[in-house]
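Working notes for the structure below.
The values are calculated or read from the model by the stated rules, or taken from the named source; none is laboratory data. Owing to the predicted nature of the structure, the values given are computational and were not obtained by experimental measurement. Methodologically, a virtual Cβ is constructed for each residue, glycine included, from the backbone with ideal geometry; neighbour enumeration extends over all protein chains shown.
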Amino acid sequence: AKDCTNEAVPRMGPDGKPMEAPYVPPSMPTDESSIFEGISTGINFDKYDSIPVEVSDPKFQVPFTSFEEMGLCDLLLRNLRRAQYTKPTPVQKYAIKIALGGRDLMACAQTGSGKTAAFMLPILHTLLSDPALDNPSHREVQTPQAVILSPTRELAIQIAHDANKYAYDSILKTVLCYGGTSVGHQLSQLSRGCHILVATTGRLKDFVEKGKVSFENLRFLVLDEADRMLDMGFEPDVRCLVGHPTMPAKGSRQTLMFSATFPEAIQMLAREFLVDSVMLSVGILGAANSDVKQAIYQVTQFDKRNKLLEILGEEGSDRVMVFVEKKKTADFLAAFISQKGIKTTSIHGDRYQRQREEALADFRRGTCPVIVATAVAARGLDIKDVRHVVNYDLPQSVDEYVHRVGRTGRVGNLGKASSFYDSEANGALARPLIKILSESQQEVPEWLENEAKYGGGGGGGGGFGGGGGAKSFNSDSWGSSSGGGGGGGGFSQPVAEEEDWG
């Protein structure tokens, strides 16, 4: 046996490395305590009531004030109580009324303000109230009633978990489809029946092309993190799906779009997918969450690691997310911090999906209280007890900064965000940073004001500050008859490296 040479030869990938066996992710939790675990509201939750709100249709300017007033079915109200949702957030008060009214919607609200429930609850209520809703199991082609598209795999997992939480103990079946996992396993899950499909665009396109998913019964199409879904990276896939022959035309489906940031060019583009839509803006469009105390440190590239260790030393065992621009930096920095005795993991697009999910699980449990991440973790993730976000590398767009900072300070809890500003690399970011700090009532360092005065220019075009901080939706462009793309000036900058998100 020792001399046997009949060992299986591993399949090699296009990069010349052995391919990993197809990943079968762990099943969604089924026990009540795991399903309803989440972030409790914080001391600033009641402050949400004073946030300014703009809604484009006067019919919806008087919001719901409670979940009971919404007329949601008893099962949903029961599950909201289990989840300890005592009262709706502003985006929920308005968006649920608009969605239950049957209108298309584009909604912008700050990070951590409950946007997932704002689109999921009206969908679930509509489906659960339908006496004709059937059991779609064991059909070769699944025809979901609702499709929710996410820009990242990790966010898709979280949305599906939330759908299961709100629909707990009901007949509704939510299926999750995303890349990096076993196709056979997901097709098996799909064949058991699907009312709500949560997906990334790449895997959904594959299943539609294979004839496993049809949109013929679709009632709801949701784009979460819609500005990212409609930027230059994801737009072709979204167009392909929306243009599929089985996709109901706008007006025959209800389309809901949500994000914390909406550059003007994305607003124009979104109009192509909406009809008779309502625009909802909660707070200052594209502004950072004021529950997060933001600090900008002037740090050279050479001194960043020491400054990071100083911050981590002050945090003790609290969870800290560290954002970098490059995937190789994420691994290098995680190893460096671990060598200093602080358990650290990393997440980025070059890691296998199994590794990405294990890293997030270790971070959520507190096994590794520090995670070093690229933009793949910047949007939507709702992780309990994240006390501090560190921008080791500043991002290229103001919108990405807002999303990163929003990983802490959620649902009225307080958080901290520290960003390292290197004059040589970040000179053009000074003015946009001052704008974002001022809008969220943060202290602006004198040295940063001097940088803006005497240093680099100010993030025009698609870069830092390029359209994300507008005070309100661009209603002028909304009703126009011009094409949807518009000028490129408001597009979010792509992240430094292309991530494998779908």
Members of region 133-151 found to be in a loop (DSSP other than H, G, I, E, B), modelled with pLDDT of 90 or more and closer than 23 Å to L76 by Cβ, listed by number: L133, P144, Q145
Test for I311: is it surrounded by 15 or more Cβ atoms within 10 Å (Cβ to Cβ), touching a residue at least 12 places away in the same chain (Cβ under 8 Å), outside the structural domain of K115 (by the TED database) and touching a helix residue (DSSP H, G or I) at 6+ places or on another chain (Cβ under 8 Å): no
Residues within region 299-331 that are in a helix (DSSP H, G or I) and of a type outside the set (D, E, K, R), tallied: 10
Pairs with Cβ under 8 Å, 6+ apart, first in region 409-421 and over 16 Å from D382 (Cα atoms), second of a type in the set (D, E) and surrounded by fewer than 24 Cβ atoms within 10 Å (Cβ to Cβ): F420/D393; Y421/E451
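Matching residues to (1) out of contact with any Asp or Glu (no Cβ under 7 Å at 6 or more places or on another chain); (2) part of a helix (DSSP H, G or I); (3) at pLDDT below 85; (4) more than 27 Å from A107 (Cβ to Cβ):
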| site | (1), (2), (3), (4) |
| --- | --- |
| N426 | yes, yes, no, yes |
| P432 | yes, yes, no, no |
| E443 | yes, no, no, yes |
| N450 | yes, yes, no, yes |
| G457 | yes, no, yes, yes |
Residue in region 78-101 that is touching a strand residue (DSSP E or B) at 6+ places or on another chain (Cβ under 8 Å), among the β-branched types (V, I, T) and farther than 24 Å from R410 by Cβ present: no
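Just to be sure, is L75 surrounded by 14 or more Cβ atoms within 10 Å (Cβ to Cβ), modelled with pLDDT of 95 or more, in contact with a Ser or Thr (Cβ under 6 Å, 6 or more places away or on another chain) and within 29 Å of G101 (Cα to Cα)?
yes
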From K115, K93, residue being modelled with pLDDT of 95 or more, surrounded by 17 or more Cβ atoms within 10 Å (Cβ to Cβ) and within 30 Å of E154 (Cβ to Cβ): K93
Residue count, region 392-419 (criterion: surrounded by 24 or more Cβ atoms within 10 Å (Cβ to Cβ), touching a helix residue (DSSP H, G or I) at 6+ places or on another chain (Cβ under 6 Å) and closer than 22 Å to K307 by Cβ): 2
Members of region 330-375 found to be under 17 Å from S418 (Cβ atoms) and of a type outside the set (G, A, S), listed by number: L333, I337, I342, T344, P369, V370, I371, V372
Selected residue (only one of L121, L72, L100 is in contact with a His (Cβ under 8 Å, 6 or more places away or on another chain), hydrophobic (A, V, I, L, M, F, W, C) and within 25 Å of M229 (Cα to Cα)): L100
Cross-chain or 6+ apart pairs with Cβ under 9 Å, region 358-372 first and crowded, with 17+ Cβ neighbours inside 10 Å, then aromatic (F, W, Y): P369/F363; V370/F363; I371/F363; V372/F323; V372/F332; V372/Y392
